[in-house]
Amino acid sequence: MLLVALATAPASAQLRQVAPGESPTLAADEGLLLVAVDSTVALSVARFARVDGRDASTLADTTDLGELPVGRSHALFVAPAGRYRWENTDTTTTTLRLADDTELRFDVAAGQLNYVGDLVLRPLREDGGLIAEASATLANRSLAAIDWLDQHHARLHARHRLQYAGHYPDPFPAFYAHERDSHPASVEPATTFDPPPQLATPLPLTMSRLAREPRFSQVRLNGAGDLLALQVREGEDRWRIDLVAMANGATTVVATSAVPFGQLLWADDRHLVLGAGEQAYRRAVQVLRLQRTHAGWQARRAQVPRAGEVLHARGDVLVFASLSGRGDVQVHRIAVPDQAAADALAFDDRDRLEPGIDGVLHWETDRHGALRLARVHRGDGESWLYGRDGRYAQVRRLGDAPGDVLDLEPVGLSGDGAYLYALTERGREQRDAVAIDLATGAVARTVFSRPGVDVESLVLDRAQEPLSVTYLRDGQRVSEYFGPRGALVGPVLARLFPGHAVTAAARSANGRRWAVWVEASDRPPALHVVDLDARSARLVPGNTPWLDGLPLRSAQLLRVPTRDGLVLDAFLTLPAGTQRVPLVVLPHGGPIGIADSRRFDAKVQFLVALGHAVLQVNFRGSAGYGRAFREAGLRGQGTSIEDDVNAAIAHALARDDAAAHRLDAGRMCMVGASYGGYSGLVAAVRWPDRFRCVVSIAGVSDRLLAFSASDSALTPRGRAQMEQVMGDPRTQAERIRAASPLYRYRELRTPVMLAHGVEDRRVDFEQSRRLGRMLALAGRPAVGLAFEGEGHGLVRPENVDRLWTGVAGFLERMLAPTAPGAARVATVAP
C-alpha cells in the first residue's frame, strides 16, 4: 500500500488518496486516478504533478522506511481533472528527472476512473554500482490494474469502471467486465496458465545446444593476407582474439576480455587495434604491435587511458573519439607506440580535431582519417553534417525532410569522403545499394540493383569501396562481388561450396585471399579462408563444435501461387524416414521486412528431430522481394498474410511427390514467436477445424493493445509507423479488433500454449495475460509458461530449454495419432 505526501494547496484542488474500502463522492471537476509504478530497483520517491504546478504527489511505501519496493505498486486518488506529468523518481543514490518527457504526460477526466498505464522504470547502465542511465516509459497493463482494484477497491470499481487514458482507445476493460459478468463463475487471477504436459520420451536434442551462439565473430584479414584475426567466445563472460597464421594454420591467442570486443581492425599488417566493450565510445582500446617469434606471434600492447572508439588507424596513430562531459563526441589524433606514450596522453581540448558542434552522435572519416561526416541529434530527430577542415554544412535531400533518413541505411563513406554508400528504396521498386553525393545529398550512382530483389547488405573493403552485396535468391543468401577480381570470386566459391550460401567476411588487399562464411539449412555457419589463385579453401575449425556429427536435415524450396497472382517462397523440412508425419507450420515474426531463408535454423532442426515436418512461408510483407511485395503485407495482418500461409499449406499437401505424401493433414499445429504467435492464433480462429494446436511465443493477441504496450509505440514517429502497418485505432478500431484473437476468444477452440517473457518490451506480457484470462473464463484454459527477467527473446539457456521442452511436450500430446480430434482430417483450400 502507498502513502502520498501532498503539497500544500486549496482543498478543492488537492489530490487525495483513496483508502481501501473508501467510497468517495466526486465533485463535478474530479475524477479517480489509478497510478502504478513498476520498478526493478527500490525507490525512495516517485512524484507526479499537475502541469500547471498546482498539485504534486509523492508515493512512498509505509512498510519499508519510505521506499517503494521492487516490483509493481499501485495507488488510487481522487484528482482534479486536468493535465498531469510524472516529475521524477529517486533511488537512494540517483534521481531520474521525468518532467521534460512529453510521453509521460497524461489527462485525468472528470467523473471516471482513469488509468494511464504503468510507469515502467528500468536501469540501462550502471557505473560503479550506481545507476548511470535508466529508462522510464508507460505501458498499458490494465488487466493487472483491474485485478488490483478488485482486491483493494471492489465496490468502488463496480461503480466506476476503469478507463484507459493513453494515446489510443483500449476497449478491453469494458469488454472484460461484460464477459466476466456473463460467465457464471469467476476466474482467480493466479490461474491464468496451466503447466504444459510433461514429455513422455526424452528429447533427442536440446534447443540450448542447437541455438547456442557460434564462437566466431569479428573476422579480419590483414592487408598482406598472411594473418587472420577473429574474436572467439570462450564462455558466458569470456572472449579472446585469435591470430591465425595463413602459412600453417597455427593459432596464437593475443588478447582476452570479460566483455566482447566491439571493435577489431588492422591498422597495418602488424598493428591490430582492439576495443573491448559493446557500447560505442565506451570501449577499452588497446593497440597490439605483433612480432614473429620462434614459437609463433607475440603481441606488445599499449592501452589508451580513456574509453572511446577508434575512427581510423594507421600504424600506431589513431583518430580516437571519446565522450565529453556533456555526452558529445570529441576527437583527437593520438600516437600510442608504447604504454609510456599512451599514459602521457593529455586529450587537451585545444588539440581536438572536430569543430565545436553540439549533439554529435558519430563521426565518419575518409581513408586518410579526415573527419568528413557527422551524425547529429537535432530536436526530435537526426541530421547529417558534411565537410572537412572544420567547415561543415547540413546534407539535404537524404530523406523526406532535411536530415530525415528513415528509408536510408548508411553503410559507410567512400575512401575519398565524397560519397556515402547506403541502402535505400527511395523512389525505387526495391532496396538498392547506392552512392550518395554528400555535396548535394542526391544519389550519384546505383552500386547494385536487381528488379524485385532487396539488397540485404553492402560490404566495403579496406579502401572503403564496395566489395560485395548480398541478397536472397530462391530462399538462399547470395553474394555478388565487385572490383578487378569480382568476376572471378563468385564462380570459384560456387565450385568450392556447391549448394551453399557463401558470404564475404574479409579480404586481403590484393584480393587473392578471402575469409568467407559458408552455410546451408543443414549446415551451421563455418568459416573458411579461400586462396583464389590456388582455387582452394581451408576450414577454420571450432565455430560450432557442439553441432558436429548431428543428423541435420535440409530444407526444400516450394513455389506457392496465390489467388491474386503472387508467387511465394516456402521451405519444407522433413525428418528422416518414410512414415507419415505431423506438420508444424512455423510463420516468421515481423511481419513486415523479415524473412525466412534456407539457412541453419535451430527451431526447425529441433522440431524435425522430434519427428515433425516443418513448413516456413515468406508471405507478403516479407523482406527480400521488392517494395511491392513488402507493401502488399501492410494492414494484411490476420487477413491476406494468413491467406498466404493457408495457400502454402494447401500447396505442400497437394503436391504429387513423396514429400507431400508423408504429410499428415490431420495432424497439424501452428508454432510461432512474436508475429508468428499471432498468426497461429488468428489462423485457429479463422479455420477452427484445421489445427490440433497453437503455440504462441511472445505473440500478440490484442492488436489494439500493441499501440499502448510496446516499445514500438513510445514515440510519435513509432506510432505513425505502426498506423501505416496496422491501421489507426482511432478510426479503424473495429477492423483491428476483428483481427484480434482476444476479442474472438469464444471462437478460439483449438488448444493453445502461451509462453512469454515477463520483461518483454516489444510485445508486453499483458498480451498473454489477457488471452490466458479470457480462455480461462471460457473454461478452456491455455497451458503456458511465464519467464521472469526475460524479454522478447529468451536469453538464459535454462529458460530456452524449459520453453522448448514445454513445446515438445505439448506437441507430443496434441499431435499423437490417438490425441483428441485425431479422427478429423482438415480440408485445406488453396
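The values are calculated or read from the model by the stated rules, or taken from the named source; none is laboratory data. Just so you know, these numbers come straight off a predicted model, no measurement behind them. Note: ideal-geometry Cβ built from the backbone for every residue, glycine included; neighbour counts use all protein chains shown.
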Practice prompt. Scan the stretch 199-239 residue by residue and report those that are in a strand (DSSP E or B), out of contact with any Gly (no Cβ under 9 Å at 6 or more places or on another chain) and surrounded by 14 or more Cβ atoms within 10 Å (Cβ to Cβ).
Written response: SER217, VAL219, ARG220, LEU221, LEU227, LEU228, ALA229, LEU230, GLN231, ARG233, TRP239
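Restricting to the stretch 766-793, give me the number of residues that are closer than 17 Å to ARG122 by Cβ and surrounded by 23 or more Cβ atoms within 10 Å (Cβ to Cβ).
Within the stretch 766-793, the subset closer than 17 Å to ARG122 by Cβ is 766, 787-793.
Going one step further and asking which of them are surrounded by 23 or more Cβ atoms within 10 Å (Cβ to Cβ), we end up with 766.
The number of residues fulfilling the criteria is 1.
Please find, within the stretch 364-375, the residue that is nearest to ASP437 (Cα to Cα) out of those that are in a strand (DSSP E or B) and among the hydrophobic types (A, V, I, L, M, F, W, C). Walk me through it before giving the result.
Within the stretch 364-375, the subset in a strand (DSSP E or B) is 364-365, 371-375.
When the remaining residues are screened for being among the hydrophobic types (A, V, I, L, M, F, W, C), the result is 371, 373-374.
Values: LEU371: 16, LEU373: 12, ALA374: 15 Å.
Within the stretch 364-375, the match that is nearest to ASP437 (Cα to Cα) is LEU373.
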Response to the item:
Restricted to the stretch 510-540 and to residues being surrounded by fewer than 16 Cβ atoms within 10 Å (Cβ to Cβ) and either aliphatic (A, V, I, L, M) or farther than 30 Å from PRO484 by Cα (or both), the residue nearest to the chain's Cα centre (by Cα) is LEU539
Discussion item. Quick check on my filter: what residues within the stretch 309-329 are modelled with pLDDT under 90 and in a strand (DSSP E or B)?
Written reply: LEU323, VAL329
Worksheet item: Going by the conditions given, is ALA139 in contact (Cβ under 8 Å) with a residue 40 or more places away in the chain, within 24 Å of the chain's Cα centre (by Cα) and outside the structural domain of THR731 (by TED's automatic domain parsing)?
Response: yes
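Might you check whether a residue that is in a loop (DSSP other than H, G, I, E, B), more than 27 Å from VAL800 (Cβ to Cβ) and out of contact with any Phe, Trp or Tyr (no Cβ under 9 Å at 6 or more places or on another chain) occurs anywhere in the stretch 665-681?
Residues of the stretch 665-681 in a loop (DSSP other than H, G, I, E, B): 674.
Filter once more, so that each one left must be more than 27 Å from VAL800 (Cβ to Cβ): none.
No: the stretch 665-681 contains no residue that is in a loop (DSSP other than H, G, I, E, B), more than 27 Å from VAL800 (Cβ to Cβ) and out of contact with any Phe, Trp or Tyr (no Cβ under 9 Å at 6 or more places or on another chain).
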Practice prompt. Enumerate the strands (runs of 3 or more DSSP E) found wholly within the stretch 95-182, keeping only those where 1 or more residues are among the small types (Gly, Ala, Ser).
Written response: 113-127, 130-139
Item to complete: Would you check which residues across the stretch 479-510 are in contact (Cβ under 8 Å) with a residue 24 or more places away in the chain, in a loop (DSSP other than H, G, I, E, B) and among the small types (Gly, Ala, Ser) and list them?
Response: GLY483, SER508, ALA509
Worksheet item: How many residues does the stretch 263-285 contain that are without any contact (Cβ under 8 Å) to a residue 60 or more places away in the chain and within 19 Å of LEU228 (Cβ to Cβ)?
Response: 12
Worksheet item: Taking ALA515 and the conditions (1) touching a residue at least 60 places away in the same chain (Cβ under 8 Å); (2) farther than 30 Å from SER712 by Cβ; (3) in the same structural domain as ALA665 (by TED's automatic domain parsing); (4) of a type in the set (Gly, Ala, Ser), which numbered condition does it fall short on, given that it satisfies the others?
Response: (3)
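Going by what's in this entry, would GLU278 be described as outside any loop (DSSP other than H, G, I, E, B) and under 21 Å from LEU361 (Cβ atoms)? Steps first, answer last, please.
Details: outside any loop (DSSP other than H, G, I, E, B): no; under 21 Å from LEU361 (Cβ atoms): yes.
So GLU278 does not fit the description; no.
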Response to the item:
When restricted to ARG292, ARG282, ARG240, ARG326, the only residue touching a strand residue (DSSP E or B) at 6+ places or on another chain (Cβ under 6 Å) and of a type in the set (D, E, K, R) is ARG240
Worksheet item: Looking at ASP90, ASP118, which one is surrounded by 17 or more Cβ atoms within 10 Å (Cβ to Cβ), within 26 Å of the chain's Cα centre (by Cα) and not small (Gly, Ala, Ser)?
Response: ASP118
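Quick test for you: out of VAL285, VAL244, VAL232, pick the one residue that is touching an Asp or Glu at 6+ places or on another chain (Cβ under 7 Å), more than 30 Å from ALA154 (Cβ to Cβ), of a type in the set (A, V, I, L, M, F, W, C) and outside the structural domain of GLY779 (by TED's automatic domain parsing). Even if it seems obvious, please write down each step before you answer.
Numbers: VAL285 fails: touching an Asp or Glu at 6+ places or on another chain (Cβ under 7 Å); VAL244 fails: touching an Asp or Glu at 6+ places or on another chain (Cβ under 7 Å).
The unique qualifying residue is VAL232.
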Worksheet item: Which members of the stretch 771-807 meet the condition of being aliphatic (A, V, I, L, M) and either closer than 30 Å to ILE146 by Cα or over 25 Å from the mean Cα position of the chain (by Cα) (or both)?
Response: LEU771, MET774, LEU775, ALA776, LEU777, ALA778, ALA782, VAL783, LEU785, ALA786, LEU794, LEU803
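Select, from LEU143, LEU104, the only residue that is in contact with a helix residue (DSSP H, G or I) (Cβ under 7 Å, 6 or more places away or on another chain), aliphatic (A, V, I, L, M) and modelled with pLDDT of 90 or more.
The conditions single out LEU143.
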Worksheet entry | Selected residue (only one of GLY475, GLY441, GLY452 is crowded, with 21+ Cβ neighbours inside 10 Å and at positive phi) | GLY475
Item to complete: Of all residues in the stretch 697-712, count the ones that are assigned to a helix (DSSP H, G or I) and within 15 Å of MET670 (Cα to Cα).
Response: 0
Item to complete: Of all residues in the stretch 602-629, count the ones that are surrounded by fewer than 23 Cβ atoms within 10 Å (Cβ to Cβ) and within 21 Å of the chain's Cα centre (by Cα).
Response: 3
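Taking the options LEU406, LEU361, LEU385, name whichever one is surrounded by fewer than 19 Cβ atoms within 10 Å (Cβ to Cβ), part of a strand (DSSP E or B) and at pLDDT below 90. Write out each step before concluding.
Details: LEU406 fails: part of a strand (DSSP E or B); LEU385 fails: surrounded by fewer than 19 Cβ atoms within 10 Å (Cβ to Cβ).
Selected residue: LEU361, the only one of LEU406, LEU361, LEU385 that is surrounded by fewer than 19 Cβ atoms within 10 Å (Cβ to Cβ), part of a strand (DSSP E or B) and at pLDDT below 90.
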Fill in: Residue within the stretch 590-597 that is part of a strand (DSSP E or B), among the hydrophobic types (A, V, I, L, M, F, W, C) and over 15 Å from GLU642 (Cβ atoms) present
no
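Determine if the stretch 337-352 includes at least one residue that is in contact (Cβ under 8 Å) with a residue 60 or more places away in the chain, in a loop (DSSP other than H, G, I, E, B) and touching a strand residue (DSSP E or B) at 6+ places or on another chain (Cβ under 7 Å). Spell out the reasoning first.
Residues of the stretch 337-352 in contact (Cβ under 8 Å) with a residue 60 or more places away in the chain: none.
No, that holds for no residue.
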Worksheet item: How many residues are assigned to a strand (DSSP E or B) and either over 18 Å from CYS693 (Cα atoms) or acidic (Asp, Glu) (or both) if we restrict to the stretch 746-783?
Response: 1
Worksheet entry | Of the criteria (1) surrounded by fewer than 24 Cβ atoms within 10 Å (Cβ to Cβ); (2) under 19 Å from the mean Cα position of the chain (by Cα), which one ARG686 fails | (2)
Item to complete: Among what's in the stretch 44-95 and is closer than 19 Å to GLN14 by Cβ and among the acidic types (Asp, Glu), pick the residue that is modelled with the highest pLDDT.
Response: GLU87
